[in-house]
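Here the structure is laid out as structure tokens; the discussion comes afterwards.
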Amino acid sequence: MSAAAPAADERLAPTSYVRRLLGRPELGAVVGAAAVFVFFCFAADSFLKPSSLSTVLYSASTIGIMAVPVALLMIGGEFDLSAGVMVTTSALFSSMFSYQMTANVWVGVLVSLLVTLAIGFFNGFMLTRTKLPSFIITLGTFLMLTGLNLGFTKLISGSVSTKTIADMEGFSSARALFASQWNVGSVTLKVTILWWLVLVAVATWILLRTRAGNWIFAVGGGADAARATGVPVVKTRIGLYMGVALCAWISGQHILFSFDVVQSGEGVGNEFLYIIAAVIGGCLMTGGYGSAIGSAVGAFIFGMTSNGIVYAQWNPDWFKFFLGAMLLLATLLNAWVRKRAEARA
């Protein structure tokens, strides 16, 4: 009698396209984005105009640039409540250093990069050394930066805003990199859209194709278990916070070279918009799950909603209500999608 053939290992069985699709963190956000898009197509006659869509993309990109690193940080199981004011800190340092030192604008830009990365390193270092929750660490940084932005600006400039640096050497080339725009027919595309797409692509490659991406998911899933398997938890967390700082620097330079002057009180509260975009895009508050593409979709939903309400000629006071409702619905939908994916696994 011939021996019975060994049973096939279910882990080696091919996974269907539908099962892979249901396992994607951004699935719920894509469905939500399609629904919001269709809704405003009917609710606002001007929503589909090329100029309106370019405005939506610009609004989405200004949030999306920061939502990408915040999403990676949340996948790693942490938060950064200082992200919003860090953007303003970056812009203020570039402007005030260049003005006070009468230096080439690029000198101020590079000094700002070093200062902003140092803030990110500080957040990560304090988190790993003190073992305090990231909520507490970054809340402290948020408060310090808020006071620093206002205090230093008043001390150096004598007001709550910086002096103009538009006539200084290097301003034009810096504006070309951080705040330029192109006209394609009747559509105006700003450079932040390109920055946004590049950051999404890089972050997706890191998460899905590199060892660092595996470390991020492992740390978010459980730091102790990740450490036991050789994952450099400390370096990973510090790197994630410095990634947030890098994107804060990019956003800050865009603000500076778009408007020439910076208001020291800007950025307060924006950290919640970045977190909301990441959560709507499929990131779990508990860490270990999410995607950079999902954060981009979440930012796009933000851009459609914030501008769609205006195009529909509704009272903009209702915007925060819709934003909160979307956050709750997205969280519930993401939890359902993950449960379905785990049940099919």
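The numbers here are math on the coordinates, done by the rules we state, and not lab data. None of the values given here were measured: they were computed from a predicted structure. Because the Cβ atoms are built from the backbone with ideal geometry, glycine has one as well, and the counts that use them run over all protein chains shown.
Here are the numbers for the structure shown:
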read-out	value
Extension gain from Ser186 to Cys41, taking 0.36 nm per residue of separation minus the Cα-Cα distance	50.3 nm
Stokes-Einstein diffusion coefficient of the range 179-309, Kirkwood radius over Cα pairs, 4 °C, 1.567 mPa s, in µm²/s	78 µm²/s
Interchain or long-range residues, amide H under 5 Å from Ser291's placed H	Cys283
Lys, Arg +1 and Asp, Glu -1 on Cβ, resulting dipole of the chain about Cα centre, debye, nearest 20	760 debye
Radius 15 Å from Cβ of Thr128, net charge of other residues (Lys, Arg +1; Asp, Glu -1)	+2
Whole-angstrom Cα spans of the range 138-180 along principal axes, big to small	35, 26, 12
Kyte-Doolittle mean at least -0.5, axial Cα span of 30 Å or more - DSSP H helices of the chain	50-75, 105-130, 134-157, 233-259, 319-344
Given charges at beta-carbon only (K, R positive; D, E negative), |dipole| of the range 145-268 in Debye	400 debye
Globularity index of the chain, i.e. its alpha-carbon radius of gyration over 2.2 N^0.38 Å	1.08
Debye equation applied to the C-alpha atoms of the range 53-145, log10 I(q)/I(0) at 0.14 Å⁻¹	-0.62
Total formal charge among the other residues, if their Cβ is under 14 angstrom from that of Pro69, Lys/Arg +1 and Asp/Glu -1	-2
Inter-site label distance for Lys235 and Arg209 at 7 Å from Cα along Cβ, in nm	2.1 nm
Positive-pole candidate from Asn214, Phe142, Ile193, dipole of the range 137-214, charges at beta carbon	Asn214
Relative contact order %, the chain, counting alpha carbon pairs below 8 Å whose residues are six or more apart	36 percent
Dipole magnitude of the range 196-310, debye to nearest 20 (Cβ charges: Lys/Arg +1, Asp/Glu -1, about Cα centre)	500 debye
Pairwise FRET efficiency - Val310 versus Ala103, Cβ, R0 = 35 Å, nearest 0.05	0.30
Per-residue [θ]222 nm for the chain (sum of -39500 (n - 2.57) over DSSP H runs n ≥ 4, rounded to 500)	-24000 deg cm²/dmol
The range 124-237 - percent relative contact order, Cα under 8 Å, separation 6 or more	15 percent
The range 139-246 - Kirkwood radius from inverse mean 1/r over Cα pairs (Å)	18.1 Å
